[in-house]
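Please read the structure below before turning to the comments.
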Amino acid sequence: MDGVIIDSQSIADKLLTQTAKKFGVQVTEQELHSLHGIPIESFWQYVKETYNLPESAEYYGSHYDVEEEIRMYHDLLPIDGIPQLVEDLKSHNVSLALATSASRYRMQIVLDLFEMHDTFDAVVTKDDVTRAKPDPEIFIKAAGLLHIPPSESIVIEDAVNGLVAAHQAHMKCVLYWKKKSKIKSPVQADLITDDFTKINFAKLSALQ
């Protein structure tokens, strides 16, 4: 969802950086990129352990204003090319699942805001799994809800953690990458793009 359907990742990065600064921590852009795709609780656990902070990860996370993040969504539009890609896939009877490290609460807000509740045949959030990306649990569960074997599924991701999770789930993966930094991943994507208008049913079918 974040970074694929809407560019909420840039908003989260800004607010996470601002919140961390309150505790004397300057999170680098490289660190943020490496942590994309994980639940926010895991972000604060990383900050606590990396910077030897005295309080619990939950304490630092409680200072993050998720409602402010959601308010900032109202200025966003879906990422360019996504509505057209969804329409193309739907016209070819492709089953779609949303697998997100966001909470179900925040996922519902996004689907409400962009009127996308009818887009997905299944949804899986961080509240529905016990292990976060790069563990493949979330993608395997999504495929199960669609009644589609993982090997016949394609993941669209914007983060290395998600790419690794897709690989471990034995799924093909399209990596949407507009970051200035180079991709540093232990596995390769099956397709890399910086523009969803270049992706369609035919191109995805060729990966299978």
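The values are calculated or read from the model by the stated rules, or taken from the named source; none is laboratory data. Keep in mind the model is a prediction, meaning the values are calculated, not measured. Glycine gets a Cβ as well: all are built from the backbone with ideal geometry, and neighbour counts include every protein chain shown.
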* To do: Specify which of the listed residues (Asp195, Asp135, Asp158) is in contact with a Gly (Cβ under 6 Å, 6 or more places away or on another chain) and acidic (Asp, Glu).
  => Asp158
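Does Glu157 satisfy the criteria of being among the charged types (D, E, K, R) and farther than 21 Å from Ala12 by Cβ? So that I can check it myself, show each step before the final result.
Numbers: among the charged types (D, E, K, R): yes; farther than 21 Å from Ala12 by Cβ: no.
Against the criterion (among the charged types (D, E, K, R) and farther than 21 Å from Ala12 by Cβ), Glu157 does not qualify.
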* Could you check, for the range 158-171, whether at least one of its residues is at pLDDT 95 or above and acidic (Asp, Glu)? => no
* Please specify each residue of the range 58-78 satisfying the condition of being touching a Lys or Arg at 6+ places or on another chain (Cβ under 9 Å) and at pLDDT 95 or above. => Tyr59, Tyr60, His63
* Asked: Ala189 fails exactly one of the following numbered conditions: (1) without any contact (Cβ under 8 Å) to a residue 60 or more places away in the chain; (2) within 25 Å of Gln84 (Cα to Cα); (3) not in a loop (DSSP other than H, G, I, E, B). What is the number of that condition?
  -> (3)
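If you take the residues in the range 63-86 that are free of Cβ contacts under 8 Å to residues at least 12 places away in the same chain and surrounded by fewer than 11 Cβ atoms within 10 Å (Cβ to Cβ), which one is nearest to Lys203 (Cα to Cα)? Show your work before the answer.
Filtering the range 63-86 for residues free of Cβ contacts under 8 Å to residues at least 12 places away in the same chain gives 67, 71, 75, 83.
Subsequent filtering for residues that are surrounded by fewer than 11 Cβ atoms within 10 Å (Cβ to Cβ) retains 67, 75.
Numbers: Glu67: 38, Asp75: 31 Å.
For the range 63-86, the residue satisfying everything is Asp75.
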* Structure fact -> Note on Glu41: of the conditions (1) modelled with pLDDT of 95 or more; (2) among the acidic types (Asp, Glu); (3) under 20 Å from the mean Cα position of the chain (by Cα), unmet is (1)
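Mind telling me which of the residues Ala97, Ala189, Ala143, Ala132 ends up being crowded, with 20+ Cβ neighbours inside 10 Å, under 23 Å from Glu41 (Cβ atoms) and either out of contact with any strand residue (DSSP E or B) (no Cβ under 9 Å at 6 or more places or on another chain) or not charged (D, E, K, R) (or both)?
On the way: Ala189 fails: under 23 Å from Glu41 (Cβ atoms); Ala143 fails: under 23 Å from Glu41 (Cβ atoms); Ala132 fails: crowded, with 20+ Cβ neighbours inside 10 Å.
Checking each option against the conditions leaves just Ala97.
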* Top-ranked residue of the range 1-30 - restricted to ones that are without any contact (Cβ under 8 Å) to a residue 24 or more places away in the chain and among the charged types (D, E, K, R), ranked as surrounded by the fewest Cβ atoms within 10 Å (Cβ to Cβ) -> Lys21
* Structure fact -> Note: among Thr130, Thr125, Thr100, just one is free of Cβ contacts under 8 Å to residues at least 12 places away in the same chain, touching a helix residue (DSSP H, G or I) at 6+ places or on another chain (Cβ under 9 Å), outside the structural domain of Leu35 (by TED's automatic domain parsing) and within 26 Å of Val187 (Cα to Cα), namely Thr130
* Asked: Quick check, is Ser34 farther than 14 Å from Lys179 by Cα, under 15 Å from the mean Cα position of the chain (by Cα) and not assigned by TED's automatic domain parsing to the domain that holds Lys126?
  -> no
* Filter result for Phe120 (touching a residue at least 40 places away in the same chain (Cβ under 8 Å) and closer than 17 Å to Val4 by Cα) -> no
* Candidate set: the range 166-183, residues that are out of contact with any Ser or Thr (no Cβ under 7 Å at 6 or more places or on another chain) and touching a residue at least 40 places away in the same chain (Cβ under 8 Å); chosen: the one surrounded by the most Cβ atoms within 10 Å (Cβ to Cβ) -> Lys179
* Just need a number here: residues in the range 31-72 that are assigned to a helix (DSSP H, G or I) and touching a strand residue (DSSP E or B) at 6+ places or on another chain (Cβ under 8 Å). => 0
